[in-house]
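Note sheet for the following structure.
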Amino acid sequence: MDNSTKHIPFAVIVAATIGDEAAIQKILDFYDGYISKLSLRKLYGNVYMVVDSELKGRIQAAVMDMIANFEIIVI
């Protein structure tokens, strides 16, 4: 799945909710840019932005937890 895709396919979401590691990784890869953007921190001296790897890991862990607890209800 390339990053130009606007949505994650439903089959990947279903596979991730039942614990498929490859599907979970596809979801994390899909949101990697967004997670990195949320993880930016300012470094002072020469002021520039860097990705806080600890914060990024915590966000990724939270996403994996949300995937594990996601319920799909078919009506």
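The values are calculated or read from the model by the stated rules, or taken from the named source; none is laboratory data. This is a predicted model, so every value here is computed, not measured. Ideal geometry is used to build each Cβ from the backbone, glycine not excepted, and the neighbour counts take in all protein chains shown. Areas reflect the complete protein model, heavy atoms only, side chains present, ligands, DNA and RNA absent. Shrake-Rupley method; radii C 1.70, N 1.55, O 1.52, S 1.80 Å.
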Could you work out the relative contact order of the chain? I mean the mean sequence separation of Cα pairs under 8 Å and 6+ apart, divided by the number of residues, in percent.
30
In Å and whole numbers, how far do the C-alpha atoms of the chain stretch along each principal axis, longest first?
55, 25, 22
How far, in degrees from 0 to 90, does helix 21-30 lean away from the longest principal axis of the Cα atoms of the chain, to the nearest 10?
50
Segment 44-75: which chymotrypsin sites (Phe, Trp or Tyr not before Pro) are DSSP loop and have at most 15 other beta-carbon atoms within 10 angstrom?
44, 70
Tell me the carbon and sulfur percent of the accessible area for the chain, rounded to whole percent, probe radius 1.4 Å.
58
